[in-house]
Every structure is written in C-alpha cells, then in structure tokens.
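Trainee: Here it is, the structure in full.
The values are calculated or read from the model by the stated rules, or taken from the named source; none is laboratory data. In this text, all values refer to a predicted model and were calculated from it rather than measured experimentally. Methodologically, a virtual Cβ is constructed for each residue, glycine included, from the backbone with ideal geometry; neighbour enumeration extends over all protein chains shown. Heads up: the accessible areas ignore ligands, DNA and RNA and are worked out on the full protein's heavy atoms, side chains in. Shrake-Rupley method; radii C 1.70, N 1.55, O 1.52, S 1.80 Å.
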Amino acid sequence: QVQLVESGGGLVQAGGSLRLSCAASGSIESFHTMGWHRQPPGKQRQLVALITSDGTTYCADSLKGRFTISRNNAKNTVYLQMSGLKPEDTAVYYCRYTGTNYHTWGQGTQVTVSS
C-alpha cells in the first residue's frame, strides 16, 4: 500500500502563489506516476498535472505557465507550484499515485483563492 500525505493548502489572494506537497510512503513501485487533481465546489474531479518516475511531466493546457509539477525522489515527495492564482482555482487538491495495478488518493488539501 501507498500512503499519501498532502500539505500546503490554504487561503491566498488572487495573483498569489502556493506550493502543495505530497509525501508518499509505503510500497512505491520503481515505475509509477504521481499527480495532482482538483475538485472545485460542486464539480467533478479534474486532472491538473502528472509526473512520471523519470521526471516526464504533463500539465492541463489551461494551467500551463502557472502550475508546475515536480518531485524529489529522495524524499518521495511531489510538489505542485501554483502561481498567478485565480478564484477559479479554488478547489480541493488531491495527490494521486498510480502504479501498475494499484492506485490511491491522498486526503486532499483545500486551496481557496480570494479576489
């Protein structure tokens, strides 16, 4: 099993920045993908960004240039650097681990962007 612990969420003014962290522990496969998803109030969960074991990244088109995903393999931690935050970025942000036959979610961390 893999456990994901998220941190870094909070309240920020529009235009500000936040960095979310997700620390993974447990049976982490050598080849895996981690990512961030978000769920705005009343909406479905949506993909934000992904990063593979070798560092290949993906970011949703609408978020490119503002959101950056990265990882520290030594610490088994993935980050989401968010800048130029907008009220529409308000959501619960979830960390995601995807292995070959195992997937799990973090508990989520609230990000609220005020205008």
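Trainee: Using a 1.4 Å probe on the protein heavy atoms, what percent of the accessible area of the chain belongs to carbon and sulfur?
Mentor: 48
Trainee: OK, next. Would you kindly find the accessible area of S27, with a 1.4 Å probe and non-protein molecules such as ligands, DNA and RNA excluded, rounding to the nearest 10 Å²?
Mentor: S27 has an accessible surface of roughly 80 Å² with all protein chains in place.
Trainee: From the phi angles alone, apply the Karplus equation (6.51, -1.76, 1.60; θ = phi - 60°) to the range 95-110 and give each ³J(HN,Hα) in whole Hz, x where the residue is Gly or Pro.
Mentor: 7, 9, 10, 10, x, 5, 10, 8, 9, 8, 10, x, 7, x, 9, 7
Trainee: Can you pull out the cysteines in the chain that have no other Cys Cβ under 4.7 Å?
Mentor: When partners are defined as cysteine Cβ atoms under 4.7 Å apart, the chain leaves C59 without one.
Trainee: What do you reckon, how do T52, T68 stack up by accessible area (1.4 Å probe), largest on top?
Mentor: T68, T52
Trainee: Can you work out ³J(HN,Hα) from phi for every residue in the range 40-47, in order, using Karplus 6.51 cos²θ - 1.76 cosθ + 1.60 and θ = phi - 60°, giving whole Hz and x for Gly and Pro?
Mentor: With coefficients 6.51, -1.76 and 1.60, one gets x, x, x, 10, 6, 5, 10, 6 Hz.
Trainee: Something else now. Quote the charge dipole size of the chain about the Cα centre in Debye, to the nearest 20; the model charges only the Cβ of Lys and Arg (+1) and of Asp and Glu (-1).
Mentor: Magnitude of the dipole: close to 160 debye.
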